[in-house]
Amino acid sequence: MAEHIPIASDHAGFEMKGHLASALAEMGFAVADLGTHSADSTDYADYAHPVAREVSSGEAKRGILLCGTGLGMSYAANRWPHVRAAVAWTPEVARLAREHNDANILVIPARCVSDEEGVQILKAWLNTPFEGGRHERRIAKIERADDVER
Ligand code: RB5
């Protein structure tokens, strides 16, 4: 069965979201476009939370968000338990976000990269496995802020 993958953006990422959704469909994913559905001005958090909720609950294994810088979307998404939303502006950052940080949401800064770069970033993130090992311990500490020595 095709992997269900939710994607959402605000107005700044609206156009690139269409390109990425098409690329995902071509790759065989069952894409769920959670909006926004026009280039009209909107608020990024309204779109970050539905995608993050799905990833946090396990309904989706991974998800994709876009806004102008990637920052607002990542702030909102990272408030959800078990969500690790990474802003990636190059394929190399996307690869490292998977290998080292096990990022389960990719956030693309649509005003800072071209459509073509966006697709390359997406592919790097989709195709890179988590490296595990020492990174497991580091990721576990993200969810346990109170346990970390001061
Ligand atoms: C919208 O103008 C812009 O602020 C938004 O897309 C994003 O960059 C916020 O972090």
Note, ³J(HN,Hα) from phi for the range 11-16, Karplus 6.51, -1.76, 1.60, rounded to Hz, x at Gly and Pro: 4, 5, x, 4, 5, 5
Qualifying trypsin sites (Lys or Arg not before Pro) in the range 109-144, DSSP loop, other Cβ atoms within 10 Å at most 16: Arg111, Arg144
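Which trypsin sites (Lys or Arg not before Pro) in the range 1-100 pass both tests, a DSSP loop state and at most 11 other beta-carbon atoms within 10 Å?
Hits after loop and neighbour filter: Lys61.
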Cα pair distances of the chain binned at 5 Å [whole percent]: 2, 11, 20, 23, 22, 12, 6, 2, 1, 0
Cut-off under 5 Å, modelled amide H: who pairs with His4 long-range: Ala30
Low-density loop positions, GluC sites (Glu not before Pro), the range 1-107 - DSSP coil, at most 16 other Cβ in 10 Å: Glu3, Glu59
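Placing +1 at every Lys and Arg Cβ and -1 at every Asp and Glu Cβ, with all other atoms neutral, what dipole size does the range 38-91 have around its Cα centre, in debye to the nearest 20?
On the way: 5 positive and 5 negative charges, 65 e Å.
Computed about the Cα centre, the dipole is about 320 debye.
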Per-residue HN-Hα couplings for the range 138-143 [Karplus 6.51, -1.76, 1.60; θ = phi - 60°; Hz; x = Gly/Pro]: 5, 5, 4, 5, 5, 7
Amide H within-cut-off set for Leu66, under 5 Å, with H built and near neighbours excluded: Ala8, Ser9, Asp10, Ile108
Separation between Cα centres of the range 45-70 and the range 101-118, rounded to whole Å: 13 Å
3J(HN,Hα) from dihedral phi, the range 93-104, Karplus parametrisation 6.51/-1.76/1.60, rounded to Hz, x for glycine, proline: 5, 4, 5, 5, 4, 7, 4, 9, 10, 6, 4, 9
Gain upon complete extension [Ser57, Glu26; 0.36 nm per residue less C-alpha separation]: 8.5 nm
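For the chain, what is the mean residue ellipticity at 222 nm derived from helices alone (per DSSP H run of n ≥ 4: -39500 (n - 2.57); sum divided by total residues; nearest 500 deg cm²/dmol)? Provide the component values of the computation, followed by the final result.
On the way: 6 runs with 63 residues, N = 150.
For the chain, the value works out to -12500 deg cm²/dmol.
No lab work stands behind these numbers, since they all come straight from the coordinates. Model, not experiment: these values are computed from the prediction. Positions of Cβ are backbone-derived with ideal geometry, glycine not excepted, and every protein chain shown enters the neighbour counts.
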